[in-house]
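The values are calculated or read from the model by the stated rules, or taken from the named source; none is laboratory data. In this text the structure is predicted, and so the values were computed from the model without any measurement. Cβ: placed from backbone, ideal geometry, glycine included. Neighbour counts: every protein chain shown.
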Amino acid sequence: MVSLGIFDYENSNNQNPNYSVEDGLVFAGNLWKSAFLKQINIKTKIQLLGPNPLSHYPQNIRYDGQYSPEEVPMHFKAAFGLVWMGT
């Protein structure tokens, strides 16, 4: 086990702050490392952003493309976000 620690990424591009919890969450990262999303069993809407999407996801999950780190916030369609880089 390796402790990666917390680090930030400063981005001056702002996202639209008018989303609510009901809008779901944004999940951004290299999606081949997140194969568990194919089997996740929750009702929350999830917007996926990143390279290497799987061919199929559950109905509540929508893949919305790959963008540069600077562009990602402009494509958020949900209130909360998660960036994932591990398996």
For this session: Please state which of the following conditions PRO69 fails to meet, knowing it meets all the rest: (1) in contact with a helix residue (DSSP H, G or I) (Cβ under 9 Å, 6 or more places away or on another chain); (2) in contact (Cβ under 8 Å) with a residue 40 or more places away in the chain; (3) loosely packed, with under 13 Cβ neighbours inside 10 Å.
Result: (1)
For this session: For residues that are farther than 11 Å from PHE27 by Cα and hydroxyl-bearing (Ser, Thr, Tyr), scanning just the stretch 37-77, find the one that is farthest from the chain's Cα centre (by Cα).
Result: SER55
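Conditions tested, residue by residue: (1) exposed (fewer than 11 other Cβ atoms within 10 Å of the Cβ); (2) at pLDDT below 85; (3) aromatic (Phe, Trp, Tyr).
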position	(1), (2), (3)
VAL2	yes, yes, no
ILE6	yes, yes, no
ASN11	no, yes, no
PHE36	yes, no, yes
LEU54	no, no, no
